[in-house]
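Before any comments, here is the structure.
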């Protein structure tokens, strides 16, 4: 702006609720609205150089939501693929050269290679995430990317906007403060409150301020208005002349009487002055910008109306270890007062108009301050980016164009349903009813889904580990493969598929942590190796030591490995299994029932065990289960001790 001065509304771009005064040599952006003043403006950027165009271009850039779960699955599948490529030919060669017929050898080769593939892992993971998305839909939360379910569980920093999340967007009259030391003929407190009610009821189209006064003073005094001048953001005042009650004016304190100091209650709140005059209002003078001469008799204090459930929601998020940061376009003092009124501690506030350029300085700024006001769109983006460089998983809520860049930059963007189309388009989640109070439910659902997916991933990976280990043992020793495909299917159904499916509905929601790959491998690798060792030993003892048939040896291996796998299921039920503790027992009973029913026993190629074989199975299953339990206990203790 080259000359003059303007009062502009920048809410569309910055979120600033109040008009901003812009002087000469300051920059203004397309997309803002002039509400008062005149000036000469020189265009320095058009088309793609406009701020709105840059925001739009950034919003159009497509990025996949970061997903530790997706990365873990991809990494596991790459490793498994290489294992199959290496072990598959070795297994096939050994089975072809082994003592069994080519038909039996082919069946063993197929069983080994098929067992290496965690065929249900991706399907069940997707199904669990989809089920979580459907649950959120019932809470009027739209999931636009499935990885958002996982991110819900891992968010450790949540950036909030004041309006729509902490507050309702509707101001509330907290008190009316009549000035002290006024002359005796000044209207009384009762006259002032009656005038406020009359002004609120006299405007057929009340703005937010008058709407708040209507709520505070619902009783209409029935004053007859002769002249009404509606409140205008350009004039920053409005009023009415009443028959028998003189003239009353509401306006900004610095407009009606700049010499008056604001009351102490104005700290962080909006204050509107109430003026009184015996002279009637002149519409023509008002249209030319002439301010009526009135005597200010008091101040109306308006505060942002905090959502009734916001204190409990914010307190819950803090209890869950989620750090809360409030970024707003409003004045820092106003935002800080709102956050404190919501019952939350504030570790400092700062003005975000002049942000440091260095990332370390940005991180220090956001660490030292929970509230940043006057933050522009690119400022929010820079703050979110700085926090992400520190390894934080950042969530961002917003509803306007001014929030688009930050929503795009955050790991998890959460938009309001009534917000701009751009904000909804770049977000992973949309709160269709603008109900921020569902955040605890959203966090719990994300944690529940992630815990269940991690748990069932262990089951599938254990099968892959023991299949690869058995293939390696067979390839080195030349012994027949200890299982047929139908028997591996039985183990997979009883100890992997059925428990994985049932546990996907479990409601337990422990806190989530990064490093899914390491945890899954740490829990599945020992169990898989032990299972393979027990399976190979069981087969060798029954077939070679007891001189039983390979069919009986394979049946014994199937039963022993099923029992061990169900031990793994029991160990992965968590600290408070509740009624789920009976699931391994029920599945083991189902396995024994299959052994007793002849058609099912024949279907799975199972043979009745002799006395020596049954004793071997019992010892092998007990020893393997005890070893896996001991390893699991050691791993958990080491993890809990922080080693």
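Things worth noting here:
- Antiparallel %, DSSP beta bridges [both residues in the chain], to 5: 70 percent
- Shape call, segment 525-643: gyration tensor on alpha carbons, a/c limit 1.5: oblate
- For segment 81-145 versus segment 498-533, the gap between their alpha-carbon centres in whole angstrom: 16 Å
- Rounded if a/c under 1.5, otherwise prolate or oblate - segment 446-496, Cα gyration tensor axes: oblate
- Prolate/oblate/rounded label for segment 170-305 (Cα gyration tensor, a/c 1.5): rounded
- 463, 380 arranged by Cβ crowding within 10 Å, fewest neighbours leading: 463, 380
- Cα centroid separation - segment 175-253 against segment 435-451, whole Å: 46 Å
- Crossing angle, helix 377-389 versus the chain [Cα axis fit, 0-90 degrees, rounded to tens]: 30 degrees
- Of 531, 565, the sequence from fewest to most neighbouring Cβ atoms within 10 angstrom is 565, 531.
- More than 17 Å apart - percent of Cα-Cα pairs taken over segment 558-624: 49 percent
- Counting all C-alpha pairs of segment 349-492, share separated by more than 28 Å (%): 46 percent
- Here the contact order of the chain, divided by its residue count and restricted to Cα pairs under 8 Å and six or more residues apart, works out to 16 percent.
- Per-q log10 I(q)/I(0), segment 366-444, q = 0.13, 0.15, 0.22 Å⁻¹ (Debye; single scatterer per alpha-carbon; no solvent): -0.38, -0.51, -1.04
- In degrees, nearest ten, helix 102-116 long axis to first principal axis of the chain (Cα): 20 degrees
- Sorted by Cβ density within 10 Å, fewest first, the residues 331, 205, 276: 205, 331, 276
- Contact order normalised by residue count of segment 170-305, Cα under 8 Å, 6+ apart, percent: 30 percent
- Helical mean residue ellipticity (222 nm; -39500 (n - 2.57) per DSSP H run of 4+; nearest 500) of the chain: -16000 deg cm²/dmol
- Pair-distance distribution of segment 486-581: all C-alpha pairs, bin width 10 Å, starting at 0; shares per bin in whole percent are 14, 38, 30, 13, 5, 0.
- Legend: P(r) of the chain from all alpha carbon pair distances, 10 Å bins from 0, whole percents, reading 3, 13, 18, 16, 13, 11, 9, 7, 5, 3, 1, 0.
- Relative to the longest principal axis of the Cα atoms of the chain, helix 550-571 runs at roughly 30 degrees.
- Taking all Cα pairs closer than 8 Å and separated by 6 or more residues, the relative contact order of segment 342-500 comes to 12 percent.
Only the coordinates and a few stated rules stand behind these numbers; no lab work does. All values derive from a computational prediction rather than experimental measurement. Every residue, glycine as well, gets a Cβ built from its backbone with ideal geometry; the counts of neighbours run over all protein chains shown.
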